[in-house]
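Here the structure is laid out as structure tokens; the discussion comes afterwards.
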Amino acid sequence: MLPRDVIAAGPLVLRPPVEADAEAIVTAYDDPAAGGWPALPSPYTRDDARAYLASAEDRWRGGGAEFAITEGGARVGSVSVRPPDRWGAVEMGYLVAPAARGRGVATGAVRAVTQWLFDQDVHRVELRVAVENVASLVVAYRAGFHEEGRRREATVAPDGRRVDAVVLSRLAGEPGEGAPAYLPPFRGGELTDGVVRLTPLDVADAADFHAMMAEPSVAAYRFGPATTLEDDERRCRNTGYWWVSGQRIELAVRDAESGAFAGQLQLVQVVPTLGQAAVGYAMRSVFRGRGLMTRAVRLLVDWAFDHTALHRIVAGTNAGNAASHAVLTRAGFVRECVHRELFPGPDGERADDVQWVRLRPR
């Protein structure tokens, strides 16, 4: 059994929930902004609050723990802990009210409860976070949790879709401070030079992305099987996770004046030990000839050298793709080498890969 302790963590105090919390719970979660992960009843009523308080009491009696997160005496969220298993491991979850988000409340609470669990001889604390729940993933990484893998379609999105869950853990003795993000977010959410805008690629872009990839002039330089719209929607729902986990950045290239989707740009194959990543891109034919992709590539690479530890950014191009060669030349890349017969073609022949590089300015 876990003790019903009160945990002090800087400006936060975590304590077992009490009946007097009911009104604060209703106020916090009867709010459209409270929806998301996990899905909450809407409208959120006093009966829902009573049901939560009863389940919290059951959790304590069953060997787990349930904490109300309070700040300045006000309840701002909760942390749930399942009972330890036979190997001294527990699974934890957390939820913060909309008004308290964005200022480190969840991260502070997760760190505090995790350390408290280690003090109770728990050896391993595990989190399972929906792959699309980017805010919760950021909390986990900042609180020192390490990603272990993904459980396919192991949880349900608020709209009822089955989605993957990312499994993360922290072991006793490991620090509660995560490493700084290797790929930080864009300040203000986007990059722009006034002519082109780079915004995170998301599911709203899936149809445009799918149509672009089917254009003959784009498909000619694509290898691998063709994708369905459903495939591309799934891809776009993963882009936030890829970014915050440091794997890759996927962007929509937009005409700054109209906001229209003009193409896609990515920073992929990120290898921190080498300080190297690669750019890749595609553009709708209707937007070509205006220099938008050159601007987009230059914007992204300049940002990468200013805000990450990357030293080399490379690009691979089909030897016959003269338009792509021109984009890279104008964006400051130089030709580095040729990988012979790297790219498979639809007719069974293979094309050379011309490699380009741009180095961090000295």
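The values are calculated or read from the model by the stated rules, or taken from the named source; none is laboratory data. Because the structure is a prediction, the values reported are computed rather than measured. Quick reminder, even Gly has a Cβ in these numbers, built from the backbone with ideal geometry, and neighbours come from all protein chains shown. Keep in mind that these areas ignore ligands, DNA and RNA; they rest on the heavy atoms of the full protein, side chains included. Shrake-Rupley method; radii C 1.70, N 1.55, O 1.52, S 1.80 Å.
Which value in Å is the Kirkwood Rh of the range 110-165 over different Cα pairs?
This gives a value of 12.4 Å.
Mean separation of Cα pairs under 8 Å and 6 or more residues apart, divided by the residue count, gives the range 56-133 a relative contact order of 24 percent. The label-point distance for ARG103 and ASP5, in a model that sets each label 7 Å from Cα toward Cβ, rounds to 2.6 nm. Just so you know, the averaged projected area of the alpha carbon convex hull for the chain sits at 21.2 nm². The helix-only estimate of mean residue ellipticity at 222 nm for the chain, built from DSSP H runs of length n ≥ 4 each weighted as -39500 (n - 2.57), is -8000 deg cm²/dmol after division by the residue total.
Between 0 and 90 degrees, the angle of helix 46-61 with respect to the longest Cα principal axis of the chain falls at about 80 degrees.
Taken over the Cα atoms of the range 60-106, the convex hull encloses 80 Å³ per residue. Taking the C-alpha atoms only, the angle from helix 292-307 to the longest principal axis of the chain is near 50 degrees.
Here the Kirkwood formula, the inverse mean of 1/r across different C-alpha pairs, assigns the range 1-97 a hydrodynamic radius of 13.9 Å.
What order do ARG362, ARG295 take when sorted by accessible area (1.4 Å probe), most exposed first?
Accessible-area ranking of ARG362, ARG295, largest first: ARG362, ARG295.
Taking a quarter of the surface of the Cα convex hull of the range 251-291 gives a mean projected area of 3.4 nm². Here the Debye sum runs over all C-alpha atoms of the range 170-226 as equal scatterers in vacuum, and log10 of I(q)/I(0) at q = 0.12, 0.16 Å⁻¹ comes out as -0.59, -0.80. For the chain, the longest principal axis of the C-alpha atoms and the axis of helix 105-119 are separated by about 60°.
Using a Förster distance of 35 Å, how high is the FRET efficiency between ARG162 and LEU342, based on the Cβ-Cβ distance and rounded to 0.05? E(calc), rounded to 0.05, equals 0.45.
Remark on the range 168-270: hydrodynamic radius 15.5 angstrom, per the Kirkwood mean of 1/r across alpha carbon pairs.
When restricted to Cα atoms, the range 311-362 yields an Rg and a Dmax of 12.1, 44 Å, respectively.
Over the chain, with the other protein chains present, what is the accessible area per residue in square angstrom, probe 1.4 angstrom?
On the way: 17970 Å² over 362 residues.
For the chain, the per-residue accessible area is 50 Å².
Each residue was assigned an accessible area with a 1.4 Å probe, and for TYR141 the value is about 40 Å².
The eigenvalues of the Cα gyration tensor, multiplied by 5 and square-rooted, give the range 203-362 an equivalent ellipsoid with semi-axes of 22, 20, 17 Å from largest to smallest.
In terms of overall dimensions, the range 1-44 has a Cα radius of gyration and Dmax of 13.5, 36 angstrom. Only beta bridges with both residues in the chain are counted; by DSSP, about 90 percent of them are antiparallel. Carbon-plus-sulfur accessible fraction, the chain (probe radius 1.4 Å, protein heavy atoms only): 51%.
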